[in-house]
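Here is the structure we will look at, set down as structure tokens.
The values are calculated or read from the model by the stated rules, or taken from the named source; none is laboratory data. All of these numbers come straight from a predicted model, not from anything done at the bench. Every residue, glycine among them, receives a Cβ derived from its backbone with ideal geometry; neighbour counts consider all protein chains shown. The accessibility values were calculated without ligands, DNA or RNA, using every heavy atom of the protein model including side chains. Shrake-Rupley method; radii C 1.70, N 1.55, O 1.52, S 1.80 Å.
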Amino acid sequence: MKEKLSVVIPCYNSEKNIGDVINKDIQIFNELNIEEYEFILVNDHSPDNTWDVIRELSKQNSKITAINLAKNAGQHGAIMAGFHYVSGDYVVVSDDDGQTQMEVIRQMLDKIKEGYDVVSAEWVDRGRRSLFRRLGTAVNERMTNLLLGNPKGVVVSIFFLARKYIIDEIIQYHHPYPYILGLLLRTTHNIATIQTKQLERQTGQSGYSLKKLTSLWLNGVTAFSIVPLRIATYIGAFCSMCGFVFGIFIIIRRIFMHNVVAGWSSTVAILLFMFGIVLCVLGIIGEYVGRIYMCINDTPQYVVKEISKENG
């Protein structure tokens, strides 16, 4: 019995790209003698005609399943939706804009059969990218390493191949604000990395704005790590110690220097600094409390509106 490969692709504003991406991937699979495969295409409530395009693809090819979400769930929410419909022995997450070099899938399959649970791509050449995108990537990588316990020397990206049981464990997470890399790292550290080049985007631009990137970072930090709370505790303790030392200094100075005039500006500066720290810490705590509230309310990760699949 041949092993089956499932390809999950979240789609957003990709009506001009997704057809070419699927055709190219199918051609690559044929060249690599990968016969058993399926595509799970998830339309993340795109404002263009992405749903009509992927629905038509599903009608033309029985190996393609098209899923339409009722509202925008974000890239990671759309991926989670796709995970619930995979049936392959191995699952790969790809993209809808042609940047993923699917030619390395055979290398990834060979690597995972060495005993790894996950094989992730490490981008060695990401082409022309804006300063904003490079900065965002750097921050995300640092966050993954420092806050999520990423194994040393392992780079985890959104282009990865995983065993089916890893995906089955990931979809047990039913809370809102999913973060795929965090879910991977809390499931296994048995991860291998292969180096690959990220191709140029066929058309359009990245769907990640500063607001969306910030929201994604918060998902990873607040859903899978309490390190920010510990940092807030350390900052509070440090500021309290500074205040105590400064108070001792003022008392000593007052004893030995009777003509010292109290400074209004320094008092205001200290108050502004301390209240800024307090508000920052309260904001971090509030973010956690708000997300707990959303979890208690069972806010869904995604809502499936309709599914299109041609049974072959």
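Of everything in the stretch 248-264, what is among the β-branched types (V, I, T), open to solvent by 90 Å² or more (accessible area, probe 1.4 Å) and at pLDDT 70 or above? Give them in sequence order.
I251, I255
Go through the stretch 291-312 and report how many residues are at pLDDT 75 or above and part of a helix (DSSP H, G or I).
Result for the stretch 291-312: 2.
How do the pairs read when you match residues in the stretch 149-162 that are over 22 Å from R106 (Cα atoms) with residues anywhere that are modelled with pLDDT under 75, using Cβ under 8 Å and keeping only pairs 6 or more apart or on different chains?
N150/T144
Return the total of residues in the stretch 285-304 being of a type in the set (D, E, K, R), within 19 Å of the chain's Cα centre (by Cα) and open to solvent by 50 Å² or more (accessible area, probe 1.4 Å).
1
Considering the stretch 268-278 alone, what residues qualify as being modelled with pLDDT of 75 or more and open to solvent by 100 Å² or more (accessible area, probe 1.4 Å)?
Across the stretch 268-278, the qualifying residue is only F275.
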